[in-house]
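Colleague: One structure, as structure tokens, below. Some questions next.
The values are calculated or read from the model by the stated rules, or taken from the named source; none is laboratory data. The shown structure was predicted, so the numbers you read here are calculated from the model rather than taken from an experiment. FYI the Cβ positions are ideal-geometry reconstructions off the backbone, even for glycines, and counts take in every protein chain you see. Ligands, DNA and RNA are stripped out before the accessible areas are found, and what is left, the full protein with its side chains, is counted by its heavy atoms. Shrake-Rupley method; radii C 1.70, N 1.55, O 1.52, S 1.80 Å.
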Amino acid sequence: MDVRDLQVFLSVAKHLNFTRAGEEVHLSQPSVSVRMRQLERDLGSKLFEQLGKKVALTEAGQLLVPYATRVIAAMSDARHAIDELQGLERGLLRIGASTTPGMYLIPRTLANFKRHYPKIEVHLAVKDTRQIEDGVIRNEFDFGFVGGHLAGDEVDVLPWMTDHLVLVVPSNHHLARKKSVKIADLRKEMFILREAGSATRAAVAHHLKKADLEVETVMEMDNPESVKKAVQSGLGIAFISKFAVETELKAKSLVALGVKGLDINRELKIVYRKDKHLGRAAQAFVNMARKSGKANRAHFEDDSQ
């Protein structure tokens, strides 16, 4: 049995589509099919079945998923352990980050890390929180930075830093002249929200429900940059991470408003599999990120006083 075949199998099991799996593992669709047929011959059992136009896992395929995941995780840990014989002179880090950390926070830590350890190769994937936690569980990432914790007890969680979500409006908006608004002022406004699966969306929804505020949604968008552009264009207003709008607030292309009785803060976190061995490179990166997080937390607390 080839370990590479197990990697391909897990990708097909995730997508239930041979073409998309091939794109993920950089193989053609026919090559994926050949590998899956060989794996089925090696195991003496069908792993996939065709249900109409859809591909589904057989009972044997479902049974194989957790075992294949553990095998791939063990191989990854073995590579890390061998790399550690070289100290921090070589190695690979696979980092996942949800959109706010991945776009506005991790690049600074990554630049600092590469200055100290230029020979460590780093792959960074930016997706929503649910996708990052799923990737950590499937061992696609060594660890992840997320805006909320959605997964179960398969991952360990480390506190990282506090993120403050602010209400932003365009500079020519009728509310822009005010420093703060009441919850009642927002009932007739059109809102732009992040997509389902976003930790920002979950945090906003939780606090709006607590405030008994139902908002009218004009559109949903899957990243903060699109949200900012939509607000600047006058399509609506939005709650967004303060980290994401630092440039726009300084340029005064967006205005941040306080909302009386509505203070939306969330804890950004670092997640990794409970059975995952974090090598020296991973530990070094996490320590750098947490040191940066402590500095940001202190700055946030000073601003709040």
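Colleague: Taking amide H atoms as placed 1.01 Å from N in the peptide plane, list the residues 5 or more away in sequence, or in a different chain, whose amide H sits under 5 Å from that of ILE237.
Modeller: MET190, PHE191, ILE192
Colleague: Please check: in the Gaussian network model of the chain (C-alpha springs, under 10 Å), which one of GLN283, GLN131, GLN29 has the largest mean-square fluctuation.
Modeller: GLN29
Colleague: Ignoring ligands, DNA and RNA, what percent of the 1.4 Å accessible area of the chain is carbon and sulfur? Working shown, then result.
Modeller: On the way: 8120 of 15900 Å².
Ligands and nucleic acids excluded, carbon and sulfur give 51 percent.
Colleague: Give me the net charge for the shell around SER180: Cβ to Cβ below 14 angstrom, other residues only, Lys and Arg +1, Asp and Glu -1.
Modeller: Once all neighbours under 14 Å are counted, the net charge is +3.
Colleague: Test of understanding: in a Gaussian network model of the chain with alpha carbons linked when under 10 Å, which of SER198, SER171, SER98 would top the mean-square fluctuation ranking?
Modeller: Greatest mean-square fluctuation among the candidates belongs to SER171.
Colleague: Residues with amide H under 5 Å of VAL255's amide H, sequence separation 5 or more or different chain, H placed in the peptide plane at 1.01 Å from N; which?
Modeller: Residues meeting the criterion, in which the H sits 1.01 Å from N, are VAL169, SER171.
Colleague: Is the range 116-165 rounded, prolate or oblate when judged by the Cα gyration tensor, a ≥ b ≥ c being the square roots of its eigenvalues, rounded requiring a/c under 1.5 and prolate requiring a/b larger than b/c?
Modeller: Values: a/c = 1.87, a/b = 1.30, b/c = 1.44.
Here the range 116-165 falls in the oblate category.
Colleague: Checking the a/c ratio against 1.5 first, then a/b against b/c, what shape does the Cα gyration tensor give for the range 1-129? Show your work: numbers first, answer last.
Modeller: Details: a/c = 2.81, a/b = 1.78, b/c = 1.58.
Prolate, since a/c reaches 1.5 and a/b exceeds b/c.
Colleague: Quote the relative contact order of the chain in percent (integer), defining contacts as alpha-carbon pairs under 8 Å separated by 6+ residues.
Modeller: 21 percent.
Colleague: Ordering THR247, THR19, THR129 by accessible area with a probe of 1.4 Å, largest first, what comes out?
Modeller: Putting THR247, THR19, THR129 in descending order of accessible area: THR247, THR19, THR129.
Colleague: If each DSSP helix of 4+ residues adds -39,500 (n - 2.57) and the sum is divided by the residues in the chain, what number results at 222 nm, nearest 500 deg cm²/dmol?
Modeller: For the chain, the value works out to -14500 deg cm²/dmol.
Colleague: Please work out whether the range 72-184 counts as rounded, prolate or oblate from its C-alpha gyration tensor, where a ≥ b ≥ c are the square roots of the eigenvalues and a/c under 1.5 means rounded, while otherwise a/b larger than b/c means prolate and anything else oblate?
Modeller: prolate
Colleague: Quick query: amide H of VAL155 versus all other amide H atoms, modeled in the peptide plane; which residues come in under 5 Å with a sequence gap of 5 or more or a different chain?
Modeller: When sequence neighbours closer than 5 places are left aside, the close amide H contacts are LYS274.
Colleague: Report the charge-dipole magnitude of the chain in Debye, nearest 20, computed about the Cα centre from +1 at each Lys and Arg Cβ and -1 at each Asp and Glu Cβ.
Modeller: The dipole magnitude comes to about 720 debye.
Colleague: Which helices, counted as full DSSP H runs in the chain, have an axial Cα extent of no less than 24 Å and a Kyte-Doolittle average of -0.5 or above?
Modeller: Those that pass (Cα extent of 24 Å or more, hydropathy at least -0.5) are 59-84.
Colleague: Sticking with this one: What ranking of LYS53, LYS182, LYS228 comes out by heavy-atom accessible area, probe 1.4 Å, highest first?
Modeller: LYS53, LYS182, LYS228
Colleague: Probe 1.4 Å, all protein chains in place: accessible area of LYS229 in Å², nearest 10?
Modeller: That residue has around 130 Å² of solvent-accessible surface.
Colleague: Among 220-227, 89-96, what's the highest-first ranking by average C-beta atoms within 10 angstrom per residue?
Modeller: The most tightly packed comes first, giving 89-96, 220-227.
Colleague: What ranking of MET190, MET161 comes out by heavy-atom accessible area, probe 1.4 Å, highest first?
Modeller: The residues order as MET190, MET161, largest area first.
Colleague: Structure shown: which of LYS127/LYS178; LYS188/LYS209; LYS269/LYS294; LYS127/LYS274 lie over 24 Å apart, alpha-carbon to alpha-carbon? Walk me through the numbers on the way to the answer.
Modeller: Numbers: LYS127/LYS178 35 Å; LYS188/LYS209 16 Å; LYS269/LYS294 12 Å; LYS127/LYS274 21 Å.
The answer is LYS127/LYS178.
Colleague: Separate question: Can you match mean projected area of the Cα convex hull in nm² to one of these, [x] 13.9; [y] 21.8; [z] 18.8, based on a calculation from the structure here?
Modeller: Evaluating mean projected area of the Cα convex hull in nm² on these atoms matches [z].
Colleague: Here's a follow-up. What whole-number distance in Å separates the alpha-carbon centres of the range 1-25 and the range 87-157?
Modeller: 22
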